[in-house]
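J.: The structure under discussion is supplied below as C-alpha cells; questions concerning it will follow.
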Amino acid sequence: MEEQKFPLQSVVKVVGLEKVDSTLSVAQALAAQGEPAGTLVLTCEQTDTFLGPHGYISSDEGGVYFTLLLPPQTAAEKTGLALAQAISRTVENALELKTKIINGGVSVWDKTTRKWKEFASVTCTLEGEQVFLSAGVLLNNPVPRFLAATHTNLKKLLKSETSKELFLDAIMDEFWKYYAFANCER
C-alpha cells in the first residue's frame, strides 16, 4: 500500500507587522525571497485593503488581517472556500452567531437590522505556482460609515471585544481541517 501524503498542517513562521499596505504584497515579496510555505504574514493595520466595487480602503487596528503562503500543489479554488468555512464555523461555534458564506465573504445575521452583513473577506491568489491565501476580519475595529449598511464588526454584535490572538488561533485550527480535506492526494 502506498503511503498517503498530507498537505501542510501548520504555520511554520509568523511575520508580524504593525502597519503595511497589504499583507498580500508583503507575502508576495517574501515568497520571491524564498520564504517557505506555511509563512503567515499578520498585521494590525492595512492601508490598502481591496473591497471590490468599493475600491481600496484603510483597515484599522482591531481587525484580523493576514496572508498565508501555501505550497504550489494547493487546490487554490477550494482553499479560499476552506478558509471562509473555517471563519464561519469559528464564529458559529465560539461566538454563537449565525453566519453564511456569500461570494467569498462571510456574513453574519444582524438581529438589530434583520439583515445579513459581511464581516470577513477571503481571497486566494495564484501567481505562477505560488498560492497566497488572504483574509480580513472586522473584529473589534470600526466599520467605515459608507459600508455600515452592508458590513458590521463582531464587537458591535457581541457588545464586547474579542481577543484577536485567540480568534486567529481558532480560525487556523479549524482551517487546517478543511484544507487537509480539500488538498489530500487520493
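J.: Restricting the search to the range 100-116, which residues are aliphatic (A, V, I, L, M) and touching a residue at least 40 places away in the same chain (Cβ under 8 Å)? Explain how you work it out, then say what you get.
T.: Restricting attention to the range 100-116, the residues satisfying the condition of being aliphatic (A, V, I, L, M) are 101-102, 106, 108.
Matches in the range 100-116: Val108 only.
J.: So is Val26 at pLDDT 90 or above, surrounded by 18 or more Cβ atoms within 10 Å (Cβ to Cβ) and either outside any helix (DSSP H, G or I) or within 15 Å of the chain's Cα centre (by Cα) (or both) or not?
T.: When the stated conditions are applied, Val26 does not pass them.
J.: Still on this structure, please answer the following. Out of Val143, Val131, report the one residue that is farther than 23 Å from Leu81 by Cα, buried (at least 18 other Cβ atoms within 10 Å of the Cβ) and of a type in the set (A, V, I, L, M, F, W, C).
T.: Sole residue among the options that is farther than 23 Å from Leu81 by Cα, buried (at least 18 other Cβ atoms within 10 Å of the Cβ) and of a type in the set (A, V, I, L, M, F, W, C): Val143.
J.: Residues to consider are Ser163, Ser88, Ser134; find the one that is at pLDDT 95 or above and of a type in the set (Gly, Ala, Ser).
T.: Working: Ser163 fails: at pLDDT 95 or above; Ser134 fails: at pLDDT 95 or above.
The unique qualifying residue is Ser88.
J.: Applying the selection to the range 40-85, what residues are of a type in the set (Phe, Trp, Tyr) and modelled with pLDDT of 85 or more?
T.: First, the residues of the range 40-85 that are of a type in the set (Phe, Trp, Tyr): 50, 56, 65-66.
Of everything in the range 40-85, those that are of a type in the set (Phe, Trp, Tyr) and modelled with pLDDT of 85 or more turn out to be Tyr65, Phe66.
J.: Is at least one residue of the range 136-148 out of contact with any Leu (no Cβ under 6 Å at 6 or more places or on another chain), assigned to a strand (DSSP E or B), in contact (Cβ under 8 Å) with a residue 24 or more places away in the chain and within 27 Å of Glu18 (Cβ to Cβ)?
T.: Scanning the range 136-148 turns up at least one residue that is out of contact with any Leu (no Cβ under 6 Å at 6 or more places or on another chain), assigned to a strand (DSSP E or B), in contact (Cβ under 8 Å) with a residue 24 or more places away in the chain and within 27 Å of Glu18 (Cβ to Cβ).
J.: Out of everything in the range 93-128 that is under 12 Å from the mean Cα position of the chain (by Cα) and β-branched (Val, Ile, Thr), what residue ends up being surrounded by the most Cβ atoms within 10 Å (Cβ to Cβ)?
T.: Val106
J.: On to the next question. In the list Phe119, Phe175, which residue meets the criterion of being outside any loop (DSSP other than H, G, I, E, B), aromatic (Phe, Trp, Tyr) and out of contact with any strand residue (DSSP E or B) (no Cβ under 6 Å at 6 or more places or on another chain)? Lay out the reasoning, then the answer.
T.: Numbers: Phe119 fails: out of contact with any strand residue (DSSP E or B) (no Cβ under 6 Å at 6 or more places or on another chain).
After ruling out the rest, the residue left standing is Phe175.
J.: Is it the case that Phe167 is without any contact (Cβ under 8 Å) to a residue 40 or more places away in the chain, surrounded by 12 or more Cβ atoms within 10 Å (Cβ to Cβ) and either in a helix (DSSP H, G or I) or of a type outside the set (A, V, I, L, M) (or both)? Quick ask: steps written out before the conclusion?
T.: Values: without any contact (Cβ under 8 Å) to a residue 40 or more places away in the chain: no; surrounded by 12 or more Cβ atoms within 10 Å (Cβ to Cβ): yes; either in a helix (DSSP H, G or I) or of a type outside the set (A, V, I, L, M) (or both): yes.
It is false that Phe167 is without any contact (Cβ under 8 Å) to a residue 40 or more places away in the chain, surrounded by 12 or more Cβ atoms within 10 Å (Cβ to Cβ) and either in a helix (DSSP H, G or I) or of a type outside the set (A, V, I, L, M) (or both).
J.: Mind checking which residues of the range 62-82 are among the hydrophobic types (A, V, I, L, M, F, W, C) and in a loop (DSSP other than H, G, I, E, B)?
T.: Within the range 62-82, Ala75 is the sole residue that qualifies.
The values are calculated or read from the model by the stated rules, or taken from the named source; none is laboratory data. Bear in mind the structure is a predicted one, so any value in this text is a computation, not a measurement. Don't worry about glycine lacking a Cβ; one is built from the backbone with ideal geometry, like all the others, and counts go over all protein chains shown.
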